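Working notes, structure below.
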Amino acid sequence: MLSLTFFLYFGQLGVLVPYLGVFLDGRGFNSQEIGELFALVTLMRIIGPNLFASFADKSGKSLGILQIGAFLTCATFCSIFWLDSFWGLTIAFGLMMLFFTAIAPQTEVITLGSVRGDATKYSHVRLWGSIGFIVLTVLAGKLIDVFSSEAPIYISGTVLLGLFLVTLSLKEATASEHKSSAADSIWRKVRTKVFIGFILSSTLIQISFGPYYSFFALYARDLNYSGQETGALIALGVAAEVIIFLLAGRLIGRFGVKWTLFVSMLLTGLRWYLLAVAAQFWPTLIVSQLLHAFSFGLIHAASINFIHHYFGVQFRSQGQALYTSIGFGIGGAAGNFGAGLIWQQGQGAELAFTLATGFALLGALLVACIPSRYMPK
């Protein structure tokens, strides 16, 4: 059931992340409004992870937080079927994302407890998340072609209901064996130049993802790719991500976190540049999506490795919450908002991806400035 939970959770992301822009465009919103809505919704990723992690730590009831989060996610999402205004949809999607952030961290806790820390067993369970993303991304793209831009919300509503029902059959995680005795000492690690350089580079990378997350499906449609073709391209990127996850441990072990991040960020810059200047050629899009293995998969794996070693056992969960809140929350919101201002119904696509290239390269430069002795080998 944990595998199914991951399948449905990431499957929901596979529907909403690529196609929310298509849905909003179908509802008559312009690119600036779409970017603003994406930014406001993404801000919930700043609040949610820390809020629910605090509740779970104090209560020791990860499963209860997971089930409540899944129920409220489904309930708030259903209001979208009756809302049409910008602020109505923004509030609905924002609340949905707030509660949605309660699901993944608690599922991780329950899974790690169930497999007793066995990395191989964990990877076999977590792999179903990527499979879910691929399957539902392709399905949603096909259904948009067959029906309309409203298809993603009907798929999402069904998936979220299924996710809540699945959580009812899960079992509570075992209690944590270690409790922090000096909670304030984490800030001594956070204030160092090493962490500041790392988190700023992570934030810049997430800013660079703004045009891709907000407008890639619309961009592909404007270039005369079908919804099914767009779904296949997105699925290709996730498939490449799955493969790199299987190789990530060996790559990081050989080259170290610093140089893994540096090279991956350079390749991310190349990815956005290709989308800026040559996205009309399908081989370019294939290469760009294959580079998702580096721009998301390897960067994420190396970043988690850094947090794992840098914060130690005592502060890993808090360190990961900070990474998610600042990097994905603030960086993602800024990237989505900026992309919305620049996109101009597709006329600013080249500029948006060119600027994304610059942000990715600046992130690589920051990583290069971190002394290797402070980064895990």
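Might you tell me the accessible area per residue for the chain, computed with a 1.4 Å probe and given in Å²?
Values: 16580 Å² over 377 residues.
Roughly 44 Å² per residue, with all protein chains present.
Place +1 on the Cβ of every Lys and Arg and -1 on the Cβ of every Asp and Glu in the range 1-105, take the dipole about the Cα centre, and give the residue among Ala75, Ser85, Leu40 whose Cα lies farthest towards its positive end. The one lying farthest along the dipole's positive direction is Ala75. A simple charge model with +1 on the Cβ of Lys and Arg, -1 on the Cβ of Asp and Glu and nothing else charged puts the dipole of the chain at about 1500 debye relative to its Cα centre.
What residue among Thr167, Thr284, Thr111 has the largest mean-square fluctuation in a Gaussian network model of the chain, using Cα springs under 10 Å? Answer for the Gaussian network model of the chain: Thr284. If you roll a 1.4 angstrom probe over the protein chains with everything in place, what fraction of the accessible area of the chain belongs to carbon and sulfur, to the nearest %? It is 67 percent, rounded to a whole number.
For the range 5-15, putting each phi into the Karplus relation 6.51 cos²θ - 1.76 cosθ + 1.60 with θ = phi - 60° gives couplings of 4, 4, 4, 6, 4, 6, x, 4, 5, x, 8 Hz, in residue order, rounded to whole numbers and with x for Gly and Pro.
In this simple spin-label model, placing a label point 7 Å from the Cα along the Cα-to-Cβ direction at both Leu51 and Lys193 gives a separation of 3.7 nm. The residue among Met265, Thr230, Leu285 whose Cα reaches farthest toward the positive pole of the charge dipole of the range 209-328, with charges on the beta-carbon of Lys, Arg, Asp and Glu, is Met265.
The values are calculated or read from the model by the stated rules, or taken from the named source; none is laboratory data. It should be emphasised that the depicted structure is a prediction, and the values quoted were computed from it without experimental measurement. A quick note on method: Cβ atoms are made from the backbone with ideal geometry, for glycine too, and the neighbour counts reach across all protein chains shown. Accessible surface areas use protein heavy atoms only, side chains included; no ligands, DNA or RNA. Shrake-Rupley method; radii C 1.70, N 1.55, O 1.52, S 1.80 Å.
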